Protein chains: 4
Amino acid sequence: MVQVSVIGSGSEHEQNAEEIGRLLAGRGATVVTGGLGEVMAAAARGAKQAGGTTIGILPGESRSEANEWIDHAVVTGIGHARNLAVVASGDAVIAVGGRYGTLAEIGLALTLGRPVVVLEPGWQVDGTQHATTPAQAVELALDACA
Amino acid sequence: MVQVSVIGSGSEHEQNAEEIGRLLAGRGATVVTGGLGEVMAAAARGAKQAGGTTIGILPGESRSEANEWIDHAVVTGIGHARNLAVVASGDAVIAVGGRYGTLAEIGLALTLGRPVVVLEPGWQVDGTQHATTPAQAVELALDACA
Amino acid sequence: MVQVSVIGSGSEHEQNAEEIGRLLAGRGATVVTGGLGEVMAAAARGAKQAGGTTIGILPGESRSEANEWIDHAVVTGIGHARNLAVVASGDAVIAVGGRYGTLAEIGLALTLGRPVVVLEPGWQVDGTQHATTPAQAVELALDACA
Amino acid sequence: MVQVSVIGSGSEHEQNAEEIGRLLAGRGATVVTGGLGEVMAAAARGAKQAGGTTIGILPGESRSEANEWIDHAVVTGIGHARNLAVVASGDAVIAVGGRYGTLAEIGLALTLGRPVVVLEPGWQVDGTQHATTPAQAVELALDACA
């Protein structure tokens with residue numbers, strides 16, 4: 001089953017992240033996130049609304065930090081180094097908003113050759129694709145997995 | 001949903017691991033493993049035979065190294081350091097056979113306070129519980145999660 | 001003793017990296033790198049020319065992959081996740097050239113609040129300082145440590 | 001230069017760890033530890049008393065958690081997963097006391113093929129060598145590096 005990682009942060013991007021999660025689940029993709037709040041929670045919430053499956057790859061040492069929409073919690077205990085696992089576990093990656101942690105994840109994803117779609121407005125990095133709507137982001141990501 | 005990590009190695013232990021996977025899935029627990037061969041593959045295979053769900057936490061940078069019974073592949077890219085994530089992601093841990101990597105995982109699990117059940121014959125470590133059959137191992141592990 | 005991490009890649013940037021290593025060592029700073037080739041090797045080589053001390057934080061499982069100018073090899077075994085350790089171990093970070101791995105390191109450094117100086121031409125990321133010469137890069141980095 | 005990792009915990013073992021650090025430094029070996037307290041601090045203190053060099057590989061995100069006898073602090077940010085780097089960075093490993101974290105490190109060291117010397121009383125693990133005095137532990141460890 002296709003796995004797509006949704007990364008990012010910023011409460012102003014939650015509505016887009018939720019829509020992306022919903023659309024990915026509707027297309028049968030498992031949604032992978034970092035398992036915490038804001039964009040991560042919204043993407044997982046959207047996926048669950050559409051009956052999908054969610055994986056949360058957590059930085060700490062306890063399952064309890066996962067948001068309530070995570071089906072399968074992976075407890076890494078390695079802090080920010082878990083960003084590598086978040087993007088490596090996606091057949092493609094969609095970035096929604098985000099600050100420096102998201103930039104690091106984009107860099108790691110591209111290092112590993114994972115396709116990265118950035119929803120506008122977002123980080124401008126050569127080698128990524130850009131989408132202007134959640135639907136387009138999902139389309140580009142799933143095309144890149146094919 | 002309860003998650004139980006099954007760790008270990010050694011082809012002579014595969015039958016026991018498969019039985020443990022089957023019993024865990026029958027009891028509704030998700031089976032977490034390191035996603036590769038031998039004990040890891042057998043536990044996942046057993047879980048799938050019983051209609052369960054499996055997570056494989058891989059050491060490398062590609063999903064392709066996962067065995068065929070893994071539903072959800074987590075690609076960590078961190079080599080042996082992924083052992084921490086394997087045991088941390090279990091509400092309890094069952095060890096089946098195994099060499100030094102398994103010993104390291106037992107040590108990490110106990111460091112994090114995860115209950116550890118060792119199926120005999122196996123590593124003798126203070127702080128673990130011992131089981132003589134797959135059924136007893138599953139019983140002890142699920143009791144420890146409760 | 002102050003530790004400054006020098007990150008980056010690209011053989012065309014080696015001369016600048018070597019000059020930065022030399023200047024850092026001349027100012028008494030320990031030079032931290034990822035321990036491999038190109039910019040990492042050049043920075044360490046420069047530091048040793050000036051009688052400095054070098055630390056190489058390696059991705060693999062063997063000291064043998066360190067370049068010959070590394071005094072102290074840290075063998076992490078965690079692949080690209082060692083990028084976090086490279087930047088976290090610097091009181092400041094200087095980026096010289098570099099591709100996606102360097103971008104990831106800049107993102108991780110900024111996530112942790114480490115000051116980052118980018119030698120032009122290089123990645124354009126808000127929150128970094130920019131230098132046009134090796135001497136200015138070293139000056140800005142050491143000022144940021146103070 | 002030879003690097004020897006000293007692992008363990010327990011305040012009752014500090015005197016032995018300090019003696020081991022002193023002897024290693026006297027023989028020209030760099031002492032690698034996890035950089036925190038008890039055995040880790042004692043080994044580094046001993047090494048500095050003998051004019052040696054010390055590396056501390058820290059679990060957190062800040063140099064400030066290093067004990068005062070650490071010359072070179074490596075800030076990994078990966079929690080217990082840094083145990084892998086501690087043992088991988090030693091050409092040999094000496095265990096002094098220790099609880100589950102030390103057991104995990106012994107398992108990881110043996111997984112990577114690093115020679116492990118356990119100072120009695122300590123963990124009993126097949127594949128390790130045992131020493132009854134600090135001097136013997138250092139002798140066995142340095143012999144194993146040769």
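Loop only per DSSP, at most 14 neighbouring Cβ atoms within 10 Å: give me the GluC sites (Glu not before Pro) in the stretch B:18-122, ordered by residue number. Can you show the working numbers first?
Values: sites: B:GLU18, B:GLU19, B:GLU38, B:GLU61, B:GLU65, B:GLU68, B:GLU105; in loops: B:GLU38, B:GLU61, B:GLU68.
In loop regions of the stretch B:18-122 (DSSP not H, G, I, E or B), the sparsely surrounded GluC sites (Glu not before Pro) are B:GLU68.
Can you compute the charge dipole magnitude of the stretch C:48-133 about its Cα centre, using +1 on each Lys and Arg Cβ and -1 on each Asp and Glu Cβ, nothing else charged? Give it in debye, rounded to the nearest 20.
Working: 5 positive and 8 negative charges, 9 e Å.
My answer is approximately 40 debye.
What nm distances, shortest first, do you get from the label point of B:GLN49 to those in the other copies when the point sits 7 angstrom along Cα to Cβ?
Its label point is 4.2, 6.0, 6.6 nm from the equivalent points in the other copies.
Leaving out same-chain residues fewer than 8 places away, which lysines sit with a Cα under 24 Å from that of A:LYS48?
Straight-distance partners of A:LYS48: B:LYS48.
Would you grab the residues whose amide H sits under 5 Å from the one on D:VAL2? Only those 5+ places off in sequence or on another chain, please, with H modelled 1.01 Å from N.
D:THR30
Grab the other residues whose beta carbon is less than 14 angstrom from that of B:PRO121, score K and R as +1, D and E as -1, and report the net. Display every interim value, and only then the final one.
Details: positive: B:ARG99; negative: B:GLU12, B:GLU120, D:ASP126.
Result for the local shell: -2.
If every alpha-carbon in the protein assembly as shown counts as one equal scatterer, what log10 I(q)/I(0) does Debye give at q = 0.10 1/Å?
Debye curve over Cα of the protein assembly as shown, log10 I(q)/I(0) at q = 0.10 Å⁻¹: -0.83.
Mind checking the mean number of beta-carbon atoms from other chains within 10 Å of the Cβ atoms in B:108-115? Intermediate values should be presented prior to the final figure.
Working: counts 11, 2, 5, 11, 8, 3, 2, 0.
Whole-number average of other-chain Cβ neighbours for B:108-115 is 5.
Of all the accessible heavy-atom surface of the stretch A:98-146, with the other protein chains kept in place and a 1.4 Å probe, what percent is carbon and sulfur? Provide the component values of the computation, followed by the final result.
Values: 1030 of 1990 Å².
After summing per-atom areas, the C and S share lands at 52 percent.
May I ask you to give the percent of accessible area on the stretch C:1-79 that is carbon plus sulfur, with a probe radius of 1.4 Å? Intermediate results must be reported in sequence, preceding the final value.
On the way: 1190 of 2630 Å².
Within the stretch C:1-79, the accessible surface is 45 percent carbon and sulfur.
How big is the A/B interface in buried accessible area, both sides summed, 1.4 Å probe, to the nearest 100 Å²?
Working: alone 6470 and 6470 Å², together 11150 Å².
Buried surface at the A/B interface: approximately 1800 Å².
Please calculate how many Å² of accessible area the protein assembly as shown carries per residue, with a 1.4 Å probe and no DNA, RNA or ligand atoms counted.
Working: 19140 Å² over 584 residues.
On a per-residue basis, 33 Å².
Taking the Cα centre of chain A as origin, sum charge times position over the Cβ atoms of Lys and Arg (+1) and Asp and Glu (-1), and report the length of that vector in debye to the nearest 20. Please list the in-between numbers first.
Working: 8 positive and 15 negative charges, 51 e Å.
For this selection, approximately 240 debye.
Quick one: net charge of C:THR133's neighbours, Cβ under 14 Å, K/R +1, D/E -1? Write out the running numbers ahead of the final one.
Working: positive: C:ARG22; negative: C:GLU18, C:GLU19, C:GLU120, C:GLU139.
Every neighbour counted, the sum reads -3.
How crowded by other chains is B:94-106, given as the mean number of beta carbons from other chains within 10 Å of each beta carbon?
Numbers: counts 0, 0, 0, 0, 1, 5, 12, 5, 2, 11, 12, 3, 4.
Partner Cβ neighbours, averaged per residue: 4.
Other chains' Cβ within 10 Å of B:5-16 residues: what's the mean? Show your work: numbers first, answer last.
On the way: counts 0, 0, 0, 0, 0, 0, 0, 0, 0, 0, 0, 0.
Counting Cβ atoms of other protein chains within 10 Å of each residue's Cβ and averaging gives 0.
What are the ³J(HN,Hα) couplings of the stretch B:28-45, residue after residue, when phi is run through the Karplus curve with 6.51, -1.76, 1.60 and θ = phi - 60°? Round to Hz, x for glycine and proline.
Once θ is set to phi - 60°, the couplings for the stretch B:28-45 become x, 8, 6, 9, 10, 9, x, x, 9, x, 6, 4, 4, 5, 5, 4, 5, 4 Hz.
Can you work out ³J(HN,Hα) from phi for every residue in the stretch D:127-139, in order, using Karplus 6.51 cos²θ - 1.76 cosθ + 1.60 and θ = phi - 60°, giving whole Hz and x for Gly and Pro?
Going residue by residue, I get x, 9, 9, 10, 10, 9, 9, x, 4, 5, 4, 5, 4 Hz, with x marking Gly and Pro.
From Cα pairs below 8 angstrom and at least 6 apart in sequence, can you work out the relative contact order of chain B, rounded to a whole percent? Walk me through the intermediate numbers first.
Details: 377 pairs, mean separation 34.1, N = 146.
After rounding, I find 23 percent.
Provide the per-residue ³J(HN,Hα) series for the stretch C:93-110, in order, calculated from phi with Karplus coefficients 6.51, -1.76, 1.60 and θ = phi - 60°, each as a whole number of Hz, with x at glycine and proline positions.
Each residue of the stretch C:93-110 in turn: 10, 10, 9, 10, x, x, 10, 5, x, 5, 4, 4, 5, 4, x, 5, 4, 5 Hz.
Accessible area drop of at least 20 Å² (1.4 Å probe, protein heavy atoms): which residues of the stretch B:54-80 qualify, relative to the chain alone?
Listed by number, the residues meeting the 20 Å² cut-off are B:ILE55, B:GLU61, B:ARG63, B:HIS72, B:ALA73, B:VAL74, B:VAL75, B:THR76, B:GLY77, B:ILE78, B:HIS80.
Nm distances between the label at D:GLU139 and the same-position labels in the remaining copies, 7 Å along Cα→Cβ, shortest first?
Output for D:GLU139: 5.2, 5.8, 7.6 nm, nearest copy listed first.
The values are calculated or read from the model by the stated rules, or taken from the named source; none is laboratory data. Everything numeric here is computed off the predicted structure, so don't read it as measured data. Backbone-built Cβ (ideal geometry, glycine too); neighbour counts: all protein chains shown. Ligands, DNA and RNA are excluded from the accessible area calculation, which covers all protein heavy atoms including side chains. Shrake-Rupley method; radii C 1.70, N 1.55, O 1.52, S 1.80 Å.
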